[in-house]
1. How many residues are within 20 Å of residue 244 (Cβ to Cβ) and in a loop (DSSP other than H, G, I, E, B) when one looks only at region 83-129?
2. I need the helices (runs of 4 or more DSSP H) fully contained in region 321-404, keeping only those with at least 3 residues that are touching a residue at least 60 places away in the same chain (Cβ under 8 Å) and crowded, with 23+ Cβ neighbours inside 10 Å.
3. Looking at (1) in contact (Cβ under 8 Å) with a residue 40 or more places away in the chain; (2) outside the structural domain of residue 173 (by TED's automatic domain parsing), find the lone condition where residue 119 falls short.
4. Tell me yes or no: at least one residue of region 147-165 is under 23 Å from residue 50 (Cα atoms) and free of Cβ contacts under 8 Å to residues at least 12 places away in the same chain.
5. With touching a helix residue (DSSP H, G or I) at 6+ places or on another chain (Cβ under 8 Å) and closer than 26 Å to residue 283 by Cα as the only criterion, which of 323, 340, 302 stands out?
6. Pull up region 227-251, narrow it to residues that are under 27 Å from residue 127 (Cβ atoms) and touching a helix residue (DSSP H, G or I) at 6+ places or on another chain (Cβ under 9 Å), then point me to the one that is surrounded by the fewest Cβ atoms within 10 Å (Cβ to Cβ).
7. Given the criteria under 17 Å from residue 270 (Cβ atoms), crowded, with 24+ Cβ neighbours inside 10 Å and within 16 Å of the chain's Cα centre (by Cα), does residue 95 qualify?
8. When residues of region 11-22 are filtered for being surrounded by fewer than 18 Cβ atoms within 10 Å (Cβ to Cβ) and touching a residue at least 12 places away in the same chain (Cβ under 8 Å), how many remain?
């Protein structure tokens with residue numbers, strides 16, 4: 001892996017770092033206040049709208065966009081920018097680089113028809129609408145995605161959808177207009193990975209019902225929102241099916257490889273910010289006649305945190321570089337590895353920083369509690385730790401014995 005950065009990427013990183021420092025990080029309390037006082041907490045806060053305009057004016061827009069679809073950056077290059085955005089959990093939307101919209105846009109780029117792209121991709125790229133991704137279900141163990149029960153059955157020129165999904169990130173948003181739904185079109189197929197399909201469902205379609213909003217560790221992720229959604233005899237045209245029946249897992253793998261890079265690098269950024277806050281805090285507070293920074297246990301926490309951040313960063317960059325050079329299939333083991341390592345690393349580093357901050361670390365006076373919540377979520381999102389460890393371990397055993 002060549003870790004040397006091009007001059008153009010260095011310029012873009014400097015530009016993005018300056019934007020985050022000058023415009024985003026100082027607005028965290030404003031963001032919280034606007035959410036708290038909003039008539040609809042799932043509407044876009046005015047500060048985000050203002051920052052989106054500034055970001056577009058500076059060319060900091062759709063930075064995630066793949067090279068094959070008109071973008072400027074490789075996965076390796078974009079990963080450096082994702083880390084910078086990860087310092088503030090809501091910052092990626094400012095640059096139209098937030099999940100699940102990036103994954104949904106990539107899905108439409110890869111698998112959508114011209115009509116799909118005109119109707120949905122163009123306004124998503126413009127940041128005019130938002131979208132949701134409906135895969136996980138409350139009534140089954142969704143860590144095994146073959147368990148999904150949501151039914152997608154053809155009826156004449158339509159598909160009819162029945163089922164309940166939850167953790168549909170972005171589903172509560174008032175500007176969320178599109179849901180990409182995974183369900184079963186062929187539940188009796190002996191190949192369990194050919195039973196599922198993905199379909200585009202306009203959120204305003206009759207029978208789409210928001211059941212409730214799901215919070216995580218007491219945080220509600222407004223203005224995005226983790227929605228529980230019931231699909232009750234929802235009828236959409238058969239043209240809304242992506243790629244064809246039984247292709248759901250193929251689509252999922254196509255969208256999740258780069259998406260996991262994005263998540264993991266954002267978490268590296270979140271952990272690095274937590275470390276920076278800890279470094280400031282331990283010089284500002286004293287106990288037992290010494291600064292916190294002079295206590296051995298604090299120094300050990302700082303040292304371990306720095307090492308763990310560096311390890312996770314380099315492993316994630318290696319995964320991104322492998323995707324660029326050899327494709328997502330060749331990077332499969334590395335993608336699983338970063339999904340195992342990065343969220344746990346971030347959770348651990350952020351927790352150490354909270355501890356160094358004392359009771360203040362648990363409050364909204366610092367971003368640590370929100371960042372911890374984000375890290376804990378990602379240990380489940382895009383496949384929980386146990387699934388990645390199981391799959392990676394199985395693959396390594398198989399490779400070892402195949403080569404011996």
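1. Number satisfying all stated conditions: 2.
2. Hits in region 321-404: 332-357, 368-378.
3. Of (1) in contact (Cβ under 8 Å) with a residue 40 or more places away in the chain; (2) outside the structural domain of residue 173 (by TED's automatic domain parsing), only one is false for residue 119: (1).
4. Taking every residue of region 147-165 in turn, none turns out to be under 23 Å from residue 50 (Cα atoms) and free of Cβ contacts under 8 Å to residues at least 12 places away in the same chain.
5. Matching residue, one of 323, 340, 302: 302.
6. Selected residue: 239.
7. When the stated conditions are applied, residue 95 passes them.
8. The total comes to 3.
The values are calculated or read from the model by the stated rules, or taken from the named source; none is laboratory data. In this text, all values refer to a predicted model and were calculated from it rather than measured experimentally. Note that each Cβ is placed from the backbone with ideal geometry, even for glycine, and that neighbours are counted across all protein chains shown.
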